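The values are calculated or read from the model by the stated rules, or taken from the named source; none is laboratory data. Please read these numbers as outputs of a predicted model, since none were measured by experiment. Note that each Cβ is placed from the backbone with ideal geometry, even for glycine, and that neighbours are counted across all protein chains shown. When the accessible area is computed, the model is the full protein with side chains, heavy atoms only, and any ligands, DNA or RNA have been set aside. Shrake-Rupley method; radii C 1.70, N 1.55, O 1.52, S 1.80 Å.
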Amino acid sequence: MATMKVAEVPSPGADFRIVEREIPKPDSGHVLIKVQACGVCHSDVLTKDGSWPGIQYPRVPGHEIAGIIEELGAGVSVWTKGQRVGVGWHGGQDGTCLSCRRGDFTNCKNLKVPGISYDGGYAQYVVVPVEALAAIPESLSDVDAAPLLCAGLTTFNSLRHSGALPGDLVAVQGIGGLGHLGIQFANKFGYKVAAIGRGPENAALAKKLGAHVYIDSKATKAAEELQKLGGARVILATAPSSKAMSELIDGLGTNGKFVVVGVAFDPIEVAPVQLITGVRGIQGWMAGIPTDSEDTLRCAELTGVRAMIETYPLEKAAEAYARMLSGKAQFRVVLAM
C-alpha cells in the first residue's frame, strides 16, 4: 500500500498533525496530483477554525496547489499524465445550478473549494475534479505559481474587470499578501498606481513593486491625498479592515469604483450621498475560475510579476500557518514538498 504524508486538522480549532494516509485513487472525472507546492492562505482559517459550515473532519486545508498529474480518472481527456497543473479556490462546480447554466461558474450555488469541500494541498498528493485544473506555464516554478492561483488571481482578475483604463489613477490599499501583488499587476496594466500603507516603512518597497505614489494613511488623510491626484478611478481594498476601507471611499473620483477583496466581517460605513455624488460604486470580488488562473499565470510569466515568498516543508505546516497568521510574513507563505 503506497502512502503519503498530509497535514490535517483533526477537528475545528485543533492543532495540525502530520499523518500517513493511503494515496487515494481518482474517481471518474477526477485526477490525482502529486503536489509540488501549496500556498498557505488566510482563508485556510475557515478550515482550521471550523468557521465554514458543513466541513467534515479530519480535513486537509490548502487551495493554492501546484503540482503534476500523477493519474487520470476514467473519462478524463485533454489533460495528460505528467502535465503541470494548478488548483485555486475554485475547486469545481455542479454544472446544474442557475449560475452554472448561465456560465457563471464563479457563483456556483454548490461551489467546491479545495481544503473545505474535499482535502486540499497540505499533502503530498491530492485528488481534484478535472474542471478545477489550470495549466501552469513551463517557465514558472511551482513555488512561484502557487500563490498566484489565489492571491494573484484575485488581484489580477478584479483589476482587469474594474473598468480602469491605462493612464487611470488606481489606488491599492494595503501592502500585504494581496496588496503587494495588486501593486505589481496595476503597474503592468499601465495604471498610475497609488499604494496606501500604514506608516513610512513601506514606501520604498511600494515604489520597488511599481507604485508611482506612496500614501501613508497614518500621517495623512489618504482620501484627501487621492483627491489631490484627481480622484481614483478604482480603489482596490486588500487589507481586511472595514474601518480603513470606510475612510477611503471619499478618495474615489467621478464614476469611481471601490473594489473589495480583503475579507472582513464588520460593516463598511458609507453614506448614500457619498455614492450618489460622483456616481460611485462599491463592488466585492471573488477570485475566479481556472481559465482566469491561466490568464493570471501567463500575465505573470510575461511581465515578471511574482509574489514575495517564504517557504516551509510540509512537516512544518503548523509553523507555516502560524507565520501567515502573524501578519509578519513577507508576504506569502508556501509549503514546498
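Excluding same-chain neighbours fewer than eight residues apart, the aspartates and glutamates reachable from Lys112 by a Cα-Cα span under 18 Å are Asp27, Asp44, Glu64, Asp94, Asp104, Glu131, Asp292.
Can you say what percent of the DSSP beta bridges in the chain, counting only those with both residues inside, are antiparallel? Round to 5.
Of all bridge pairs located within the chain, approximately 55 percent are antiparallel.
Farthest towards the positive end of the charge dipole of region 290-331, among the residues Thr291, Met324, Thr303, is the Cα of Met324, using unit charges on the Cβ of Lys, Arg, Asp and Glu. Across region 77-232, Cα pairs under 8 Å and at least six residues apart give a relative contact order of 16 percent. At a Cα cut-off below 17 Å, give the aspartates and glutamates reachable from Lys218, other chains included and same-chain residues fewer than 8 away excluded. Straight-line reach from Lys218, under 17 Å: Glu201, Glu247, Asp250. Placing a pseudo-label 7 Å from each Cα along the Cα-to-Cβ vector at Glu315 and Asn255 gives an inter-label distance of 5.8 nm. Using C-alpha pairs below 8 Å separated by at least 6 residues, the relative contact order for region 207-277 is 31 percent. Spin-label pair Lys81-Ile68: with each label point 7 Å from Cα along the Cα-Cβ axis, the two points sit 1.3 nm from one another.
Region 229-261 and region 109-157 have Cα centres lying 28 Å from one another. Taking only Cα atoms and a 10 Å spring cutoff, compute GNM fluctuations for the chain and point out the largest among Arg102, Arg17, Arg298. Of Arg102, Arg17, Arg298, the Gaussian network model singles out Arg102 as fluctuating most.
Residue pairs exceeding 32 angstrom between C-alpha atoms, taken from Lys34/Lys328; Lys188/Lys243; Lys81/Lys316; Lys208/Lys228: none. Neighbours of Val234, meaning other residues whose beta-carbon lies under 12 angstrom from its beta-carbon, give a summed charge of +4 when Lys and Arg score +1 and Asp and Glu score -1. A Cβ-based charge dipole, computed about the Cα centre of the chain with Lys and Arg at +1 and Asp and Glu at -1, lands at about 600 debye.
Taking every protein chain into account, the accessible area of region 189-337 amounts to 49 square angstrom per residue (probe 1.4 Å).
Within 13 Å, Cβ to Cβ, of Thr80, how many net charges do the neighbouring residues add up to if Lys/Arg are +1 and Asp/Glu are -1?
0
With Cβ to Cβ distances under 15 Å as the rule, what net charge do the other residues near Asp94 carry (K, R +1; D, E -1)?
It works out to a net charge of +2.
Which percent of the accessible heavy-atom area of the chain goes to carbon and sulfur, probe 1.4 angstrom?
53 percent
Taking all Cα pairs closer than 8 Å and separated by 6 or more residues, the relative contact order of the chain comes to 18 percent. Centre-to-centre separation between the Cα atoms of region 21-36 and those of region 288-337: 22 Å.
Of the chymotrypsin sites (Phe, Trp or Tyr not before Pro) found in region 260-337, the ones in coil according to DSSP and having at most 14 other Cβ atoms within 10 Å of their Cβ are Phe265.
FRET efficiency for the pair Arg160 and Leu229, taken as 1/(1 + (r/R0)^6) with r the Cβ-Cβ distance and R0 = 25 Å, rounds to 0.70. Highest GNM mean-square fluctuation among His161, His42, His30, for the chain modelled with Cα contacts below 10 Å: His161.
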